[in-house]
Amino acid sequence: MSVVILISGRGSNLRALLDSGVPVAAVISNQAGAPGLAIAAQHGVETRVVEHKAYASREAFDAALAAEIERFAPRLVVLAGFMRVLTPGFVAHFAGRLINIHPSLLPAFPGLDTHARALAAGVKLHGCTVHFVTADLDHGPIIAQAAVPVLADDTVERLAARVLAQEHSVLPRAVRWFLDGRLVIAGGRVHVKGDDAQLVLSARP
Ligand code: GRF
């Protein structure tokens with residue numbers, strides 16, 4: 001088995017990965033009540049909970065989380081809605097095999113509330129990014145992006161839904177590229193061996 005997925009909540013990206021046929025060894029949540037744990041269980045995937053609240057420091061939590069992940073000896077660790085900032089030590093331990101899905105076109109709008117910030121900024125394109133995780137939050141080498149138009153009458157909810165639909169296609173594609181050994185990082189940039197587009201532009205709805 002190849003992939004361990006970390007979640008904190010809903011788990012729709014987790015579901016997209018499972019439905020795509022990606023081999024998932026385990027799903028680990030830092031929240032015992034994360035709905036995504038039930039999705040994993042329905043698919044017969046092992047689940048674990050490592051609650052950050054149970055640890056006195058970020059370092060202690062990250063050490064426990066890393067130990068739990070390594071029990072499954074994954075080739076790749078995917079942050080799919082994992083809402084914890086990871087320590088530099090954790091990131092270094094998993095360097096080159098840790099990726100994240102972020103709901104904006106990075107480097108625009110790192111951090112939280114990306115859809116509201118995109119609307120407030122008046123951007124005409126918004127989207128999502130799959131990237132390698134580095135110690136610099138939401139700034140690692142970009143593997144793939146998907147862009148959607150921002151419409152005049154958009155709300156945060158409508159824009160988020162349009163972006164989320166793209167997340168569900170771009171994340172499994174990026175994970176597959178990784179598992180197929182097609183990603184090359186050079187000079188902080190990611191190249192995909194072969195001709196696949198690393199940008200998806202969705203049609204106007
Ligand atoms: C997604 O928007 C993802 O980009 C962000 O957190 C959200 C998780 O949603 N990092 P889900 O739990 O996968 O439904």
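The values are calculated or read from the model by the stated rules, or taken from the named source; none is laboratory data. None of the values given here were measured: they were computed from a predicted structure. Cβ: placed from backbone, ideal geometry, glycine included. Neighbour counts: every protein chain shown. Surface areas here come from the heavy atoms of the whole protein model, side chains and all, with no ligands, DNA or RNA. Shrake-Rupley method; radii C 1.70, N 1.55, O 1.52, S 1.80 Å.
A few notes on this one:
- Neighbourhood charge, 15 Å Cβ-Cβ cut-off, centred on Thr114 and excluding it, Lys, Arg +1 and Asp, Glu -1: -2
- Only helices enter this figure: runs of n ≥ 4 DSSP H residues, each worth -39500 (n - 2.57), summed and divided by the residues of the chain, yield -9500 deg cm²/dmol at 222 nm to the nearest 500.
- In this structure, the amide hydrogen of Glu46, modeled 1.01 Å from its nitrogen in the peptide plane, lies closer than 5 angstrom to those of Val27, counting only residues at least 5 positions away or on a different chain.
- The share of C-alpha pairs in the chain whose separation exceeds 21 Å stands at 52 percent.
- Taking amide H as placed 1.01 Å from N in the peptide plane, Gly81 has its amide H under 5 Å from the amide H of Ile101, each at least 5 places away in sequence or on another chain.
- Three-way shape call for region 7-111 based on the alpha-carbon gyration tensor, with the a/c threshold at 1.5: rounded
- Accessible area of the chain divided out per residue, in Å², using a probe of 1.4 angstrom: 46 Å²
- Under 14 Å, Cβ to Cβ, from Arg84 - net charge with Lys/Arg +1 and Asp/Glu -1: -3
- For region 179-187, Karplus couplings with θ = phi - 60° (6.51, -1.76, 1.60), whole Hz, Gly/Pro x: 5, 7, x, 9, 9, 10, 9, 9, x
- Highest-MSF residue in the chain out of Ala152, Ala92, Ala26 [GNM, Cα springs under 10 Å]: Ala152
- What the phi angles of region 22-39 give under the Karplus curve with 6.51, -1.76 and 1.60, with θ = phi - 60°, is a coupling list of 4, x, 10, 7, 6, 10, 10, 10, 8, 10, 4, x, 4, x, x, 5, 5, 4 Hz, glycine and proline written as x.
- Coupling constants for region 6-16 follow from the phi torsions by the Karplus curve (6.51 cos²θ - 1.76 cosθ + 1.60, θ = phi - 60°), and in residue order they are 9, 9, 10, x, 3, x, 6, 5, 4, 4, 4 Hz; glycine and proline get x.
- With every protein chain in place, the chain: carbon and sulfur % of accessible area (1.4 Å): 55 percent
- In the elastic network of the chain, a GNM with C-alpha springs shorter than 10 Å, the most mobile of Gly96, Gly181, Gly36 is Gly181.
- Area accessible to solvent at Ile185, 1.4 Å probe radius, in Å²: 80 Å²
- Largest to smallest accessible area among His126, His52 [probe 1.4 Å]: His52, His126
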